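Here is the structure we will look at.
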């Protein structure tokens with residue numbers, strides 16, 4: 001195939017070649033080969049290894065379902081699967097609830113383009129700082145002697161420090177919501193900014209109140225933004241392990257944490273099973289969300 | 001919209017939202033000036049000092065708190081980010097260039113590329129480690145981790161370039177071709193200057209994403225630590241304000257990068273304007 005492309009190119013040498021399909025092939029080949037070797041192959045390898053035989057410290061390429069049976073009969077693994085789904089759902093809802101009003105203000109209510117840009121940039125700036133540092137920054141906020149407890153006690157709202165703030169499921173949810181809500185605000189604000197304001201004005205002229213306008217015009221038109229944001233947030237939260245490692249004190253074990261600990265103890269086959277389960281879960285979530293919106297059209 | 005009460009409410013909410021986004025980082029920055037080595041990572045500030053910054057650079061007398069292993073890690077992280085930036089930008093530009101014409105299977109290729117930024121690091125990292133184990137290859141930051149970094153950043157570069165090429169007027173290139181300029185020279189002299197802002201953005205994306213990336217690196221890099229891995233290592237132990245001081249410094253570094261990007265962007269826009277004026281005159 002590639003030889004033919006070369007032949008074609010040399011044949012049409014003097015003429016400016018605009019339509020030779022070989023050229024596109026040559027431009028695409030490096031990227032496609034790279035992704036096939038270093039993305040598709042590792043993922044297939046993971047599926048393959050999940051059926052290998054696990055001994056104490058090594059794996060052997062004798063096919064077996066043992067690791068799969070272990071996964072689905074163990075309370076630890078099933079618990080991690082359930083925790084992953086639960087945390088994902090909570091964080092997804094939390095990012096929409098926290099992010100939507102801010103996106104509504106930036107995308108629809110701020111008429112000044114310069115101010116709009118400044119606000120969006122302010123939302124994006126934390127994204128340029130280290131992810132791990134942002135996670136770690138919640139420790140001095142939420143701890144027993146942390147900033148939030150200190151403020152609450154100084155204001156006389158609580159007498160004793162709230163201990164559940166750090167090293168609990170709540171701290172993981174707070175941390176993830178803060179880190180990922182930016183990915184919800186961006187797409188929603190983008191979709192809201194594209195709404196033709198004359199539609200809203202027409203509705204106002206006809207006597208519709210804000211809630212009615214919000215329910216019948218703004219919310220439906222912003223849904224593609226919510227879905228794109230939901231895809232971003234879902235993929236990132238489902239593949240998480242660092243936030244729970246930093247903020248839960250090992251109390252919250254996501255599938256990602258299971259994979260890290262299994263690899264740490266050289267249980268490659270178990271790690272692969274957890275990886276395949278996570279892949280299937282994520283694929284199902286993304287496929288469901290993609291049914292609602294055509295990502296390529298929105299970009 | 002004239003619902004001014006709602007507007008005020010949402011404005012106040014957005015201010016709170018920004019406090020939520022920035023609060024932890026501000027607290028972290030304040031606590032990085034805690035006195036050392038006895039001051040802990042919490043309020044109150046016993047005494048303001050730059051002890052933990054000196055601690056980072058090994059300028060303090062040895063204490064029970066081990067210094068962060070950042071010196072070698074910094075070199076590795078920067079090297080890895082530069083390598084990743086170059087390769088993923090080249091791949092992104094060439095792939096997006098191919099996408100300027102419709103071809104069969106473009107949908108499949110599009111999703112194959114975008115998959116690279118969607119698949120979590122923990123999965124592709126695990127897969128890469130398995131491949132390396134099976135083939136008997138040693139894992140290093142400059143080999144197995146590097147190719148995964150490109151898998152992650154190449155889609156970003158690709159999407160940025162795709163957006164640039166969508167707004168690109170092909171008649172400029174056609175004019176150049178019809179004057180007998182070779183395609184290679186046309187790309188250098190006509191296409192590249194026009195897409196330069198996009199290339200710069202792609203490079204910024206690739207560099208910062210790679211510099212910050214750790215889940216892929218964790219599985220695929222073997223024993224040598226990169227900067228994010230050094231930070232990740234502190235998660236399981238007691239945190240001291242030296243990590244906070246490091247956080248402040250690395251944040252400043254990211255801002256310096258953003259500033260450089262903005263300056264280069266402004267220069268390129270100004271040059272484009274000057275050329276436009278010359279053409280008109």
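The values are calculated or read from the model by the stated rules, or taken from the named source; none is laboratory data. These numbers come from a predicted model, not from an experiment. Using ideal geometry, Cβ is built from the backbone for each residue, glycine included, and neighbour counts are taken over all protein chains shown.
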* All positions within the stretch B:181-219 that are closer than 27 Å to residue A:266 by Cα and in a loop (DSSP other than H, G, I, E, B) -> B:213, B:214
* Any chance the stretch A:269-283 includes a residue that's surrounded by fewer than 16 Cβ atoms within 10 Å (Cβ to Cβ) and within 30 Å of residue A:140 (Cβ to Cβ)? -> no
* Out of A:208, A:269, sole residue that is at pLDDT 90 or above, at negative phi and assigned by TED's automatic domain parsing to the domain that holds residue A:104 -> A:269
* Scanning for something over 30 Å from residue B:133 (Cβ atoms), within 12 Å of chain B (Cβ to nearest Cβ) and touching a residue at least 12 places away in the same chain (Cβ under 8 Å), does the stretch A:88-95 turn up at least one residue? -> yes
* Answer yes if at least one residue in the stretch B:133-140 is on the phi < 0 side of the Ramachandran plot, surrounded by 18 or more Cβ atoms within 10 Å (Cβ to Cβ), in contact with a helix residue (DSSP H, G or I) (Cβ under 8 Å, 6 or more places away or on another chain) and within 11 Å of chain A (Cβ to nearest Cβ), and no otherwise. => no
* To do: Please go through the stretch A:221-252 and pick out each residue that is part of a loop (DSSP other than H, G, I, E, B) and either surrounded by 21 or more Cβ atoms within 10 Å (Cβ to Cβ) or not assigned by TED's automatic domain parsing to the domain that holds residue A:198 (or both).
  => A:239, A:240, A:241, A:248, A:252
* Asked: How many of the residues making up the stretch B:1-59 are in a loop (DSSP other than H, G, I, E, B) and more than 13 Å from chain A (Cβ to nearest Cβ)?
  -> 11
* Test for residue B:256: is it at pLDDT 85 or above and loosely packed, with under 11 Cβ neighbours inside 10 Å -> yes
* Is it true that some residue in the stretch B:123-132 is more than 9 Å from chain A (Cβ to nearest Cβ), assigned to a helix (DSSP H, G or I) and either free of Cβ contacts under 8 Å to residues at least 40 places away in the same chain or under 17 Å from the mean Cα position of the chain (by Cα) (or both)? -> no
* Could you look through the stretch A:49-73, keep only residues that are part of a helix (DSSP H, G or I) and more than 8 Å from every other protein chain (Cβ to nearest Cβ), and pick out the one that is surrounded by the fewest Cβ atoms within 10 Å (Cβ to Cβ)? => A:73
* Asked: over 26 Å from the mean Cα position of the chain (by Cα) and either on the phi < 0 side of the Ramachandran plot or more than 10 Å from every other protein chain (Cβ to nearest Cβ) (or both) - does that describe any residue in the stretch A:216-232?
  -> yes
* Structure fact -> Across the stretch B:94-105, the tally of residues that are part of a helix (DSSP H, G or I) and either surrounded by 24 or more Cβ atoms within 10 Å (Cβ to Cβ) or more than 9 Å from every other protein chain (Cβ to nearest Cβ) (or both) stands at 2
* **Within the stretch B:220-234, considering residues that are surrounded by fewer than 20 Cβ atoms within 10 Å (Cβ to Cβ) and assigned to a helix (DSSP H, G or I), the one farthest from the other protein chains (Cβ to nearest Cβ)** => B:233
* Structure fact -> When the stretch A:141-177 is checked residue by residue, the ones that are in a helix (DSSP H, G or I) and more than 12 Å from chain B (Cβ to nearest Cβ) are A:152, A:163, A:164, A:165, A:169, A:170, A:172, A:173, A:176
* To do: Taking residue B:251 as the residue in question, decide whether it is under 20 Å from residue A:134 (Cβ atoms), within 10 Å of chain A (Cβ to nearest Cβ) and either in a helix (DSSP H, G or I) or modelled with pLDDT of 90 or more (or both).
  => yes
* To do: Working carefully through the options A:104, A:78, find the one that is at pLDDT 90 or above, part of a helix (DSSP H, G or I) and either within 11 Å of chain B (Cβ to nearest Cβ) or touching a helix residue (DSSP H, G or I) at 6+ places or on another chain (Cβ under 6 Å) (or both).
  => A:104
